[in-house]
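**Student:** Okay, handing you the structure first.
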Amino acid sequence: MTREEVFRGTGPTSGGVIDVKLGAKRDGTIVAAELVLKYQAGAFPGSPVQPGCMCAFAMYDLPNVHITGYDVVSNRPKVAAYRAPGAPISSFGVESCLDELARELQIDPLSLREKNAAKEGTKAVHGPTWTNIGYLETLAAVKNHPNYQIPLGPNQGRGIACGFWFNVGGESSAQVHVNEDGSISVASGSPDIGGSRASMAMMAAETLGIAIERVKPIVADTASIGFTHVTGGSRVTFATGMATVQAAEKVIDQLKRRAAMIWDISPDAVDWKDGCAIPAGANAGSFDPLPLADIAIKAARTGGPIGAEVSVNAQGAGPAFATHVCDVEVDPETGHVTVLRYTAAQDVGRAIHPSYVEGQIQGGVTQGIGWALNEEYIYDKQGRLENPGFLDYRCPVASDMPMIDPVIVEVPNPRHPFGVRGVGEVPIVPPMAAVANAIHSAIGTRLRDLPMSPPKILAEIDAEEPRRLAAE
């Protein structure tokens, strides 16, 4: 397909209209919330309005909530999934409204979120009761971050917004095989779009007690491995990781049996520690630790190849929460927005590969800033796309971005062997609202339509000027 065909035919995410009402006591306690979401589906039903409804208020402990979602068919290309489908749109509305509420009550926006935050035991609007979540910890992380203390200058503003993604588990398969030289092959069925191969290798190495350099991760095709669901939903490190760990544990059981054969003792008398078979106690005999490589080299004489495959339908995916703070400067002459600083705190469960986790956070923020300030499909009156190419569809580039400061908050998910919860999607949920709230802080007027491009901002500034002069 040509670039133009991709733009015209593959579908963007939904356009949407969000109506939000919040009711609160003077002390900031939110007592009621109402949300109406209208999501554009394109030519066929199927917009992500359901996850939009699920994610909008999931960060808060609210006694009375009413949400209505509409899946609106329109004369446009069928929409497609776009990172955390549906959640950034609804959160843009809710988090912007929450910022307005904080200003109306003269309460610090972060303090308002702390007061109403979901915590252990909170029943979410869409059903589950939260356990082992780190939302409050993300609020504390940005509150204590040096960026939050930096004074702001003229035409500068600071915005805060929070976000949620439920994460999923599902069906995954993985194989772990011991090679003759003692190296390990780890094969999984999940295409790697976020660093999952490295994470699979690291979890296998940790389970087996060997160096990561001894593990080779492979993405196998459907003819070579059991069924594995899509790479999406922030599920791979959780679900495929669970299959990988279980396969490695099965390999350890085999290695212990092989060591028992070499030592001529019962398999129950063998333990595994730091990549070696060891006697389980003094009664098991006096043997030096037997490294994995020594067992592998004798595999042909003790029963043949050593390996295991596991297929799981992983349950217990931990939800993801994030709190973002954005500082911007608005040029009052042009409407141009410069993002000065961006801080993103996220509960990641346990960061298996911290630098990859930081990369996921930074990538989501970058996409969210692009969505907030520039990115837009422009249609004429006949519904034809007018900007089917990157010349007119403005994506942020490196020179548009500040140094994005990711803050990893670790509240382990007890339903995974290493405490993993998905990290890939929630980073895109708060940025649009964080940028909008920062712009409002800088210029004193609220932009409600995306993208918040220079012409729109300049129009708001120009419209506000007569009112400001009249007030003076």
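Taken together, the values in this text are just the output of simple stated rules run on the coordinates, not laboratory data. Everything quoted here is computed from the prediction, not taken from an experiment. Backbone-built Cβ (ideal geometry, glycine too); neighbour counts: all protein chains shown.
**Student:** Using only the alpha-carbon atoms, how far is helix 431-443 inclined from the longest principal axis of the chain? Give it as 0 to 90 degrees, nearest 10.
**Tutor:** The two axes meet at around 30 degrees.
**Student:** While we're on this one: Where a ≥ b ≥ c are the square roots of the eigenvalues of the C-alpha gyration tensor, would you call the range 170-314 rounded, which needs a/c under 1.5, or, failing that, prolate if a/b is larger than b/c, or oblate?
**Tutor:** Prolate, because a/c is 1.5 or more and a/b exceeds b/c.
**Student:** If you rank TRP165, TRP371, TRP263 by fewest surrounding Cβ atoms within 10 Å, what's the result?
**Tutor:** TRP263, TRP371, TRP165
**Student:** Report the relative contact order of the range 131-221, percent, no decimals, based on alpha-carbon pairs under 8 angstrom and at least 6 residues apart.
**Tutor:** 21 percent
**Student:** Taking R0 as 22 Å, what FRET efficiency do you get between ARG103 and THR29 from their Cβ-Cβ distance, rounded to the nearest 0.05?
**Tutor:** About 0.85, to the nearest 0.05.
**Student:** Next question. For the chain, what proportion of DSSP beta bridges, expressed in % and rounded to the nearest 5, is antiparallel? The partial results should precede the final answer.
**Tutor:** On the way: 51 of 71 bridges.
Expressed as a percentage, antiparallel bridges in the chain total about 70.
**Student:** Calculated FRET efficiency, ASP268 and GLU114, Cβ-Cβ r, R0 35 Å, to nearest 0.05?
**Tutor:** 0.10
**Student:** Also: Test of understanding: what is the full-extension gain from ALA81 to ASN313, defined as 0.36 nm times their sequence separation minus their Cα-Cα distance? Intermediate values should be presented prior to the final figure.
**Tutor:** Numbers: separation 232, 0.36 × 232 = 83.52 nm, distance 2.26 nm.
Extra length available between ALA81 and ASN313 comes to 81.3 nm.
**Student:** Show me, bin by bin at 10 Å from 0, the whole-percent P(r) of the chain based on Cα pairs.
**Tutor:** With 10 Å bins starting at 0, P(r) equals 4, 18, 25, 23, 14, 9, 5, 2, 0, 0.
**Student:** Can you tell me, using C-alpha contacts under 8 Å and at least 6 residues apart, the relative contact order of the chain as a whole percent?
**Tutor:** It rounds to 18 percent for the chain.
**Student:** Dividing the alpha-carbon Rg of the range 21-67 by 2.2 N^0.38 Å yields what?
**Tutor:** Normalised Rg, Cα atoms only: 1.43.
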